[in-house]
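*Asks:* Mind having a look at this structure? Questions to follow.
The values are calculated or read from the model by the stated rules, or taken from the named source; none is laboratory data. In this text, all values refer to a predicted model and were calculated from it rather than measured experimentally. For neighbour counting, all protein chains shown are included, and Cβ atoms are generated from backbone atoms with ideal geometry for every residue, glycine included. All accessible areas refer to the heavy atoms of the entire protein, side chains included, with ligands and DNA or RNA removed. Shrake-Rupley method; radii C 1.70, N 1.55, O 1.52, S 1.80 Å.
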Amino acid sequence: MEKLTVFYLNGCPYCRNARKAFAELEAETPEYAKVSVEWIEENQHPEIVEGHDYYYVPTIYAGSRKLYEAHPGESYDECKANVRAALNAAVKG
(Lines give C-alpha, C1' and ligand atoms only; values in the text may rest on other atoms or scores of the structure.)
Protein backbone atom coordinates (compact mmCIF):
# COMPACT_ATOMS: atom_id res chain seq x y z
CA MET A 1 0.00 0.00 0.00
CA GLU A 2 1.42 3.37 -1.02
CA LYS A 3 1.23 6.59 0.96
CA LEU A 4 -0.57 9.48 -0.71
CA THR A 5 0.50 13.11 -0.41
CA VAL A 6 -2.13 15.78 -1.03
CA PHE A 7 -1.11 19.38 -1.67
CA TYR A 8 -3.90 21.82 -0.85
CA LEU A 9 -4.68 25.42 0.09
CA ASN A 10 -6.83 26.58 2.97
CA GLY A 11 -10.03 28.16 1.69
CA CYS A 12 -9.90 26.38 -1.68
CA PRO A 13 -13.34 25.01 -2.65
CA TYR A 14 -11.80 22.22 -4.75
CA CYS A 15 -9.68 21.18 -1.76
CA ARG A 16 -12.81 21.06 0.41
CA ASN A 17 -14.37 18.78 -2.21
CA ALA A 18 -11.33 16.49 -2.08
CA ARG A 19 -11.52 16.24 1.74
CA LYS A 20 -15.23 15.46 1.49
CA ALA A 21 -14.55 12.84 -1.19
CA PHE A 22 -11.83 11.19 0.91
CA ALA A 23 -14.18 11.03 3.91
CA GLU A 24 -17.07 9.59 1.89
CA LEU A 25 -14.89 7.03 0.11
CA GLU A 26 -13.25 5.90 3.34
CA ALA A 27 -16.71 5.39 4.87
CA GLU A 28 -17.93 3.48 1.79
CA THR A 29 -14.80 1.33 1.39
CA PRO A 30 -13.00 0.51 4.66
CA GLU A 31 -9.85 -0.55 2.78
CA TYR A 32 -9.39 3.07 1.69
CA ALA A 33 -9.25 4.14 5.34
CA LYS A 34 -6.04 2.10 5.68
CA VAL A 35 -4.23 4.29 3.14
CA SER A 36 -1.85 6.76 4.76
CA VAL A 37 -2.64 10.26 3.48
CA GLU A 38 -0.45 13.27 4.26
CA TRP A 39 -2.12 16.64 3.73
CA ILE A 40 0.33 19.47 3.05
CA GLU A 41 -0.85 23.09 2.98
CA GLU A 42 1.39 24.56 0.30
CA ASN A 43 1.69 28.05 1.84
CA GLN A 44 2.79 26.59 5.18
CA HIS A 45 5.36 24.18 3.70
CA PRO A 46 6.88 25.68 0.53
CA GLU A 47 10.05 23.65 1.10
CA ILE A 48 8.07 20.40 0.67
CA VAL A 49 6.14 21.67 -2.36
CA GLU A 50 9.34 22.71 -4.15
CA GLY A 51 10.21 20.30 -6.94
CA HIS A 52 6.67 18.99 -7.44
CA ASP A 53 5.19 19.72 -10.85
CA TYR A 54 1.64 21.03 -10.51
CA TYR A 55 -0.33 24.25 -10.86
CA TYR A 56 -3.77 23.59 -9.35
CA VAL A 57 -4.80 22.16 -6.01
CA PRO A 58 -5.67 19.72 -4.76
CA THR A 59 -2.97 17.59 -6.27
CA ILE A 60 -2.33 14.01 -5.16
CA TYR A 61 0.99 12.19 -5.40
CA ALA A 62 2.02 8.62 -4.65
CA GLY A 63 5.74 8.99 -4.16
CA SER A 64 6.93 11.05 -7.13
CA ARG A 65 3.97 10.02 -9.37
CA LYS A 66 1.27 12.62 -9.81
CA LEU A 67 -2.07 10.81 -9.71
CA TYR A 68 -4.47 13.76 -9.80
CA GLU A 69 -4.50 17.50 -10.27
CA ALA A 70 -7.76 19.42 -10.03
CA HIS A 71 -8.76 21.88 -12.72
CA PRO A 72 -10.92 25.01 -12.71
CA GLY A 73 -14.62 24.25 -13.01
CA GLU A 74 -14.23 20.67 -11.83
CA SER A 75 -17.43 19.16 -10.43
CA TYR A 76 -17.61 17.33 -7.12
CA ASP A 77 -18.39 14.05 -8.93
CA GLU A 78 -15.28 14.44 -11.08
CA CYS A 79 -13.18 15.18 -8.01
CA LYS A 80 -14.56 12.14 -6.19
CA ALA A 81 -13.83 9.89 -9.18
CA ASN A 82 -10.25 11.13 -9.27
CA VAL A 83 -9.80 10.67 -5.53
CA ARG A 84 -11.21 7.13 -5.88
CA ALA A 85 -8.68 6.40 -8.64
CA ALA A 86 -5.84 7.69 -6.45
CA LEU A 87 -6.99 5.56 -3.51
CA ASN A 88 -7.25 2.51 -5.79
CA ALA A 89 -3.69 3.13 -7.00
CA ALA A 90 -2.47 3.43 -3.40
CA VAL A 91 -4.21 0.21 -2.35
CA LYS A 92 -2.68 -1.70 -5.27
CA GLY A 93 0.72 -0.24 -4.41
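*Asks:* Which Rg and Dmax, in Å, describe the Cα atoms of the chain?
*Replies:* For the chain, the Cα-based Rg and Dmax read 12.2, 35 Å.
*Asks:* Please compute the per residue accessible area over the chain with all protein chains in place, 1.4 Å probe, rounded to a whole number of Å².
*Replies:* Computed with neighbouring chains in place, this is 56 Å² per residue.
*Asks:* Round to a whole angstrom and tell me the spacing of the C-alpha centers of segment 1-36 and segment 60-84.
*Replies:* Going from one Cα centre to the other spans 10 Å.
*Asks:* Something else: If the rule is a partner Cβ under 4.7 Å, which cysteines in the chain fail it?
*Replies:* That list is Cys79.
*Asks:* Among Arg16, Arg65, what's the order by accessible area (1.4 angstrom probe), most exposed first?
*Replies:* So the residues, ranked largest to smallest area, are Arg16, Arg65.
*Asks:* Using only helices, what value at 222 nm comes out for the chain when you add -39,500 (n - 2.57) per DSSP H run of length 4 or more and divide by the total residues, to the nearest 500 deg cm²/dmol?
*Replies:* The helix contribution divided over the chain gives -12500 deg cm²/dmol.
*Asks:* Further question on the same structure: Which order do you get for Lys66, Lys34 if you rank them by accessible area with a 1.4 Å probe, largest at the top?
*Replies:* Correct descending sequence by accessible area is Lys34, Lys66.
*Asks:* Just to verify a number: what accessible area does Cys15 come out at with the full protein assembly present, 1.4 Å probe, Å² rounded to tens?
*Replies:* 10
*Asks:* Hey, another quick one. For segment 1-40, take every pair of Cα atoms, bin their distances at 10 Å starting from 0, and report each bin as a whole percent.
*Replies:* 29, 54, 17
*Asks:* Roll a 1.4 Å probe over the protein heavy atoms and report the accessible area of Tyr56 in Å², nearest 10.
*Replies:* 90
*Asks:* Can you sort Lys92, Lys3 by solvent-accessible area, 1.4 Å probe, largest first?
*Replies:* Final ranking, largest accessible area leading: Lys92, Lys3.
*Asks:* Show me, for segment 25-36, the HN-Hα J-couplings you get by feeding each phi into the Karplus relation (A = 6.51, B = -1.76, C = 1.60, θ = phi - 60°), rounded to Hz, glycine and proline as x.
*Replies:* Residue by residue, segment 25-36 yields 5, 5, 6, 6, 10, x, 4, 5, 5, 7, 6, 6 Hz.
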